[in-house]
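Working notes, structure below.
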């Protein structure tokens, strides 16, 4: 589920942009939820409380704040380097400060449906589907990992261990939440404590699978039939369409 935040101090523009985003997501078959803010300070307070979004549509000049201040909160305060920022402005030129926050795109007012759809289509092309980015939080910091580089996840109490090609990490959460985020990305739940990336399975051996790095992952008895079905699905090209 893609989470999108919209922030503009003009409520009519905020609602219009949210409607365009929702319509664009339907057109592009993107599962998303959008939340609107008419106050930059309210959005920042929510971020400090632990909320986070994958895309921000920010008005540069707000009545009670600025898009620069909100961007600084995203990048430097909650340290979310993975989120994408889209600036929305009626100005012809842009403050050089904005580029320090690595904006994904700029949309000029007055905007239309096509401009919003083009922005989300670009995001989906780069980060969606096979190129999806997995976002996770540890402490107050946000991190991201490419799904194509993740070997597997292992649940360990309240924490989840993520094993990647060149590194390992962990974060607070549940394997169920990870499954929901990565639905359609070629992941197989072999056991209540393991979610593995089909790309990196070297072999299936009865009650276990061997990963390309040599790690042995258990397969629950009740999952054997489902895993065999998924294996056949992937081998017949189903992986390209997700499952």
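Just a few scattered comments:
- Of all residues in the stretch 79-125, those satisfying the criterion of being touching a residue at least 40 places away in the same chain (Cβ under 8 Å), assigned to a loop (DSSP other than H, G, I, E, B), closer than 30 Å to residue 29 by Cβ and under 21 Å from the mean Cα position of the chain (by Cα) are 81, 82, 83, 104.
Residue-by-condition table, conditions (1) touching a helix residue (DSSP H, G or I) at 6+ places or on another chain (Cβ under 7 Å); (2) farther than 30 Å from residue 211 by Cα:
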site	(1), (2)
76	no, yes
90	no, yes
124	yes, no
133	yes, no
142	no, no
145	no, no
152	no, no
160	yes, no
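- Residues being surrounded by fewer than 16 Cβ atoms within 10 Å (Cβ to Cβ) and modelled with pLDDT under 80 - total across the stretch 130-144: 2
- Looking only at the stretch 182-206, and only at residues there that are touching a strand residue (DSSP E or B) at 6+ places or on another chain (Cβ under 7 Å) and loosely packed, with under 13 Cβ neighbours inside 10 Å, the one that is nearest to residue 165 (Cα to Cα): 202
- Inspection of the stretch 219-227 finds no residue satisfying the criterion of being assigned by TED's automatic domain parsing to the domain that holds residue 166, in contact (Cβ under 8 Å) with a residue 12 or more places away in the chain, part of a strand (DSSP E or B) and over 24 Å from the mean Cα position of the chain (by Cα).
- Residue list for the stretch 3-49, filter: in contact (Cβ under 8 Å) with a residue 60 or more places away in the chain and more than 16 Å from residue 113 (Cα to Cα): 7, 8
- Residues that are part of a strand (DSSP E or B) and buried (at least 17 other Cβ atoms within 10 Å of the Cβ) within the stretch 1-56 comprise 2, 4, 5, 6, 7, 32, 34, 36, 37, 55, 56, listed in sequence order.
- Test result for residue 176, in the same structural domain as residue 198 (by TED's automatic domain parsing), surrounded by fewer than 17 Cβ atoms within 10 Å (Cβ to Cβ), out of contact with any strand residue (DSSP E or B) (no Cβ under 7 Å at 6 or more places or on another chain) and in a helix (DSSP H, G or I): yes
The values are calculated or read from the model by the stated rules, or taken from the named source; none is laboratory data. Every value quoted in this text rests on a predicted model; they were computed, and no experiment measured them. Virtual Cβ from ideal backbone geometry, glycine too; neighbours counted across all protein chains shown.
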